[in-house]
Amino acid sequence: MAAKKKYKKRWILLIITLGLLATAWIFKKDIYYYGYKAYRYADRRVNPKRYANKIWYPEKYTLHGIDISRWQDDIDWKKLSTTNQFKDTIKFDFVFIKATEGIWLEDPLFDDFWTAATTLPIYKGAYHYFYPQKNIKQQINNFKSSVTLKPGDLPPVIDIEETGKLSKKEIVKNLKLFADGLKAHYGVRPIIYSNADFINDYLSEDFEEYIFWIAHYYVPKPVVSGKVKWLFWQHADKGVIHGCRELVDVNVFNGSRKDFKNILIK
């Protein structure tokens, strides 16, 4: 009799455990969102931020922008600006916001950032952190389920920085499959983001028809293959700006305001 009760208790415990796991999976994005908000709230009190010296801003570029993720919270969107090395005020015209990562993660602050940016005269775009070794279809669905783009928004962005231990041929193949999936859904070819070394080593020869957003810090100009068409340059990762207490990645657009508007979703 005692053995039956013990067996019954194990079944009840198993059912409860499976129920909790199923609930956690269904509400995974909410758990991630509120858990991260709580973590950042505590972190700000334990580790106050120390700001680096102001950075150099490249001259002769008309449009400046930032890119943000969960690492930049509590943004005052109406104050977004900075001062360059000549004490001139720089206002930011565009923002790229991290939306998703891998097969199921959504940045816990994406919805907040996207909603806030929608209410202001700033061009916005969303990006996905891409893992070339992970399921392509699931990554496409992850981004599609999180991001709705409208006319006037920037094209979707693919952030690729890791090889996933794949060969160059496999990386190119999987990245093209992912890019084709986004193009089929949004009707526009996505922008590809990566650092200059990764682009030169893996991407420069096979994506001539794509626009690139290049990360190359503290240099006069990004150094990439002549086949690469770059329109965005992330020139520093420690920008100190008004309206945000965290350090921010800062960018410029390589072209005129008319050129910029031509790449927006129609």
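Which loop chymotrypsin sites (Phe, Trp or Tyr not before Pro) in the stretch 82-136, with loop taken from DSSP, have no more than 14 other Cβ atoms within 10 angstrom of their Cβ?
Of the chymotrypsin sites (Phe, Trp or Tyr not before Pro), the ones in loops of the stretch 82-136 whose Cβ has at most 14 other Cβ atoms within 10 Å are PHE86.
If we sort 205-211, 161-167 on the protection proxy, mean other Cβ atoms within 10 Å, highest first, what's the order?
For the peptides 205-211, 161-167, the packing ranking is 205-211, 161-167.
What is the sum of charges around THR118, taking Lys and Arg as +1, Asp and Glu as -1, for the other residues whose C-beta is under 13 Å from the C-beta of THR118?
Charge balance in the 13 Å sphere: -1.
7 Å from Cα along Cα→Cβ at both ALA22 and GLU59: what's the point-to-point distance in nm?
Inter-label distance under the simple model: 6.6 nm.
Under a point spin-label approximation (7 Å from Cα along Cα-to-Cβ), what is the HIS185-ILE265 distance to one decimal in nm?
1.1 nm
Ignoring any ligand, DNA or RNA, what whole percent of the accessible area of the stretch 216-266 comes from carbon and sulfur when the probe is 1.4 angstrom?
Answer for the stretch 216-266: carbon and sulfur cover 54 percent of the accessible area.
Give me, ordered by chain and number, the residues 5 or more places off THR83 or on other chains with an amide H under 5 Å from its own placed amide H.
ILE90
Which net charge results when you count Lys and Arg as +1 and Asp and Glu as -1 among the other residues whose beta-carbon is under 12 Å from that of ILE140?
Spelling it out: positives minus negatives among the neighbours equals +3.
Relative contact order of the stretch 63-181, please, whole-number percent, based on alpha carbon pairs below 8 angstrom and at least 6 residues apart.
Relative contact order here is 24 percent.
With a ≥ b ≥ c the root eigenvalues of the C-alpha gyration tensor of the stretch 136-198, is it rounded (a/c under 1.5), prolate (a/b larger than b/c) or oblate?
It comes out prolate by the Cα gyration axes.
Per residue, how many Å² of accessible area does the stretch 122-266 show with a 1.4 Å probe?
45 Å²
Taking R0 as 45 Å, what FRET efficiency do you get between VAL223 and LEU177 from their Cβ-Cβ distance, rounded to the nearest 0.05?
Efficiency for this residue pair is about 0.95.
How much net charge surrounds LYS98 when only the other residues with a Cβ under 10 Å from the Cβ of LYS98 are counted, with Lys and Arg +1 and Asp and Glu -1?
The answer is -4.
Please go through the residue pairs LYS137/LYS266; LYS60/LYS87; LYS124/LYS266; LYS150/LYS227 and name each one whose alpha carbons sit more than 22 Å apart in this structure.
Long pairs (Cα-Cα over 22 Å): LYS137/LYS266; LYS150/LYS227.
Express in nm, to one decimal, how much length is gained between THR118 and ASN141 on full extension, taking 0.36 nm for each residue of separation and deducting their alpha carbon distance.
Separation in residues times 0.36 nm, less the Cα-Cα distance, equals 6.0 nm.
The values are calculated or read from the model by the stated rules, or taken from the named source; none is laboratory data. Note that the structure is predicted; figures quoted are calculated from it, not measured. Here the Cβ is made from the backbone with ideal geometry for all residues, glycine too, and neighbour counts use every protein chain on show. These accessible areas exclude ligands, DNA and RNA; they are computed on the full protein's heavy atoms, side chains included. Shrake-Rupley method; radii C 1.70, N 1.55, O 1.52, S 1.80 Å.
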